[in-house]
Amino acid sequence: MIPQIYGNDASLQLIRRMVQNDRLPHACLIHGEKGLGKKQLARYFAMAALCTGEHAPCGSCPSCYKAAHEVHPDIEWVEHSGKLRGFSVDTVRRVCREAIVAPNDGAKKVYIFADCDNMDVRAQNTLLKLTEEPPSHVLLLFTATHRNVFLETMLSRMMPLAVCPCNPQDCIQALCEAGCDETDAQRAQAACGGNIGRCLEWLGSEDMQAMTRHIGELTSAVAERRQYDILRILAAYEKDRQTAITFVKLLDLQLRDALTMKYTAETAVGCDRQSAQALSGKLTVKRSVQMHEALQEAYEALQANVSPRLVLAALGGQL
């Protein structure tokens, strides 16, 4: 079975064209926010690279069958290791040693490093030689939410491939195919935009549903300069660091929506389209840059173990 991927037709066409013309890169970074299907796209890429059918991926040849059932001997999902669940130096060294061995069944050996956001500098430096001069039979696939988690020396050796949100109709269809009621699918899509993974998470979590409501309320409060409400809403997230981090990231997506709505009709990816639209009418480019920088500083401070209470209080003053 070929992985079902929504909203990334251009990427799928590019992969098929590269396979057809025998012009596959030796390393590719699939990047985009959590929930957009980066690992699904990596699975599709690996299947296409090893397909022996006429139109790759065909979904019916022995190679595609093995890939779909995750038993292909030439596809390895490299396991996370180390304290931060990244990839330890020992794990990377093992991959580098084994990569020189010829494939078992197909023309390629595919190594998939999924969720690389915590891959440390030492592990990346260990991978440099393999990504620069790999054996001709090796394909390295990486997934991460942001390109900037990688060193420039690594980025220069990988082909970037961005994943995008899908349109509302495709998102609702995907959620229904995943077993959701159509009414629930529409509610989730309205709250989370075209991010299918985030929609599924939202449907399964009352806390996430409450958070999206708060994001909309906070966005409206920022648009109307209601300082007390800004501080009140932020204060509700000062007790848990990870929840505060998620809240700040979602708020930044709201800001992104508000700015793009000011100039384009681009599909929303944040939590609340109506409040983002209200904020867009009040934003200047200078103000949006200031707000984004404030959110980025808050995110970095939370990641650095600064007190969430102090971080969110400071953010409230800047918003």
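The values are calculated or read from the model by the stated rules, or taken from the named source; none is laboratory data. Since the model is a prediction, treat every value here as computed from it, not as a measurement. Quick reminder, even Gly has a Cβ in these numbers, built from the backbone with ideal geometry, and neighbours come from all protein chains shown.
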Scanning for something crowded, with 21+ Cβ neighbours inside 10 Å, under 21 Å from residue 6 (Cβ atoms), in contact with a Gly (Cβ under 8 Å, 6 or more places away or on another chain) and not polar (S, T, N, Q), does segment 200-216 turn up at least one residue?
-> no
Residue in segment 3-11 that is touching a residue at least 12 places away in the same chain (Cβ under 8 Å) and part of a helix (DSSP H, G or I) present | yes
Of those in segment 188-213 that are polar (S, T, N, Q), part of a helix (DSSP H, G or I) and under 19 Å from the mean Cα position of the chain (by Cα), the residue farthest from residue 251 (Cα to Cα) is 189
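Here is a yes/no grid of residues against (1) surrounded by fewer than 19 Cβ atoms within 10 Å (Cβ to Cβ); (2) in contact with a helix residue (DSSP H, G or I) (Cβ under 7 Å, 6 or more places away or on another chain); (3) modelled with pLDDT of 90 or more:
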position: 7; (1), (2), (3): no, yes, no
position: 13; (1), (2), (3): yes, no, yes
position: 16; (1), (2), (3): yes, yes, yes
position: 29; (1), (2), (3): no, yes, yes
position: 34; (1), (2), (3): yes, yes, no
position: 38; (1), (2), (3): no, no, yes
position: 42; (1), (2), (3): no, no, yes
position: 49; (1), (2), (3): no, yes, yes
For residue 55, work out the one condition from (1) free of Cβ contacts under 8 Å to residues at least 40 places away in the same chain; (2) closer than 27 Å to residue 155 by Cα it doesn't fulfil.
-> (2)
Working only within segment 1-37, note down all residues that are among the hydroxyl-bearing types (Ser, Thr, Tyr) and at positive phi.
-> none
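Conditions tested, residue by residue: (1) closer than 30 Å to residue 168 by Cα; (2) part of a helix (DSSP H, G or I); (3) touching a His at 6+ places or on another chain (Cβ under 8 Å).
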site: 221; (1), (2), (3): yes, yes, no
site: 238; (1), (2), (3): no, no, no
site: 252; (1), (2), (3): yes, yes, yes
site: 257; (1), (2), (3): yes, yes, no
site: 260; (1), (2), (3): yes, yes, no
site: 290; (1), (2), (3): no, yes, no
site: 309; (1), (2), (3): no, yes, no
site: 315; (1), (2), (3): no, yes, no
Does segment 232-243 contain any residue that is out of contact with any Lys or Arg (no Cβ under 9 Å at 6 or more places or on another chain), closer than 25 Å to residue 39 by Cα and not assigned by TED's automatic domain parsing to the domain that holds residue 35?
-> yes
Cross-chain or 6+ apart pairs with Cβ under 7 Å, segment 241-255 first and among the basic types (Lys, Arg), then at pLDDT 90 or above and crowded, with 17+ Cβ neighbours inside 10 Å | 241/302; 241/308; 249/299
Scan of segment 235-275 for residues that are at pLDDT 85 or above, more than 21 Å from residue 311 (Cβ to Cβ) and among the small types (Gly, Ala, Ser), ordered by number = 258, 275
Given (1) in contact with a strand residue (DSSP E or B) (Cβ under 9 Å, 6 or more places away or on another chain); (2) crowded, with 20+ Cβ neighbours inside 10 Å, where does residue 63 come up short, assuming only one miss?
-> (1)
